[in-house]
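Working notes for the structure below.
We did not get these values from a lab; they are worked out from the coordinates using the rules stated. Since we're looking at a predicted model, the values are computed, not measured. Methodologically, a virtual Cβ is constructed for each residue, glycine included, from the backbone with ideal geometry; neighbour enumeration extends over all protein chains shown.
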C-alpha cells in the first residue's frame, strides 16, 4: 500500500460520481421518500 497523499487528479476522480445525473436523482428520490428513476447517466 502506498502511504503517499492523493494527488489532485485522484481526489477529483474519487468524487466524480457527484456530477452524475443518477446521483442527483438518487439523492432527490431519497429526500422525497420515493423510488429513484435512474437513467444510467
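Of everything in the chain that is in a helix (DSSP H, G or I) and touching a helix residue (DSSP H, G or I) at 6+ places or on another chain (Cβ under 7 Å), the residue that is surrounded by the most Cβ atoms within 10 Å (Cβ to Cβ) is 23. The residue pairs whose first member lies in the stretch 11-26 and is closer than 11 Å to residue 37 by Cα, whose second member is surrounded by 11 or more Cβ atoms within 10 Å (Cβ to Cβ), and whose beta carbons are closer than 8 Å, counting only pairs six or more residues apart or on different chains, are 22/36; 22/38; 25/36; 25/38; 26/36; 26/38.
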